[in-house]
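The values are calculated or read from the model by the stated rules, or taken from the named source; none is laboratory data. Quick caveat: nothing in here was measured; it's all calculated off a predicted structure. With ideal geometry, Cβ positions are generated from the backbone for all residues, glycine too; neighbour counts draw on all protein chains shown. SASA here: full protein model, heavy atoms, side chains in, ligands and nucleic acids out. Shrake-Rupley method; radii C 1.70, N 1.55, O 1.52, S 1.80 Å.
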Amino acid sequence: MDHQLFAEIYDAHAHAVYAHAIRMTADHAGADDIVSLTFLEAWRLRDSFDQVASHRAWLFGIATNVIRNSRRAARRHRDAIARLPPPGTVPDVADAVVSRIADAAQASAALAVLSRLRHADREVLLLSVWSGLSHAEVAQACGTSVGTVRSRLSRARTRLQKLTASYLAEPPDSRRLPASQATREGSL
């Protein structure tokens, strides 16, 4: 079947297929979709078109099958949706944002006061916390015992908490950067 013959069949029967689809579905918008799918399927089956006695009956048969398939698909979709768990409450992201801002401020403050720790304590803290080494690995890296690492780490954490808290308590305008950091920022 060539394109011209198919266009003639469409022109001759599209309105009748549309009316059939409306009668079957009672849905004008859905009937447009049924007509489109019917003629798409007719084009796909165009090789069998020459064996058809009545083009109109053939198209109505295709339209009826398209309607059945559409109803079946809609029913399956409804059933699938019904099986889904009910939507949970949407968490308020404002709390997470505030928490992240507070965490960022504390991390910034910790970095700002880190240079105020003793060198040995800062070294143990950085290797353990930021590098993720175990106490034994930190002891090996520093050439000291695990007990010494634990004691330095405890002292560094306590001192860092106090220094960070006092740093955050200061008004932002009066916060002093450690000398080494101020020098680096001044040279940027």
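With the highest mean first, a sort of the peptides 5-15, 117-127 on other beta-carbon atoms found within 10 angstrom per residue produces 117-127, 5-15. With every protein chain in place and a 1.4 angstrom probe, the accessible-area ranking of 148, 89, largest first, reads 89, 148. Entry note, segment 1-64: relative contact order of 39 percent, from Cα contacts under 8 Å with a spacing of 6+ residues. Computed packing ranks the peptides 26-32, 154-160 as 154-160, 26-32, most packed first, by mean other Cβ atoms within 10 Å. Averaged over its residues, segment 8-60 has an accessible area of 62 Å² per residue, based on protein heavy atoms and a 1.4 Å probe. Taking all protein chains together and a 1.4 Å probe, the residues 64, 38 rank 64, 38 from largest to smallest accessible area. Of the residues 58, 130, 43, ranked by 1.4 Å probe accessible area with the largest first, the sequence reads 130, 43, 58. Diffusion coefficient of segment 1-64 by Stokes-Einstein, Kirkwood radius over Cα pairs, 20 °C, 1.002 mPa s: 183 µm²/s.
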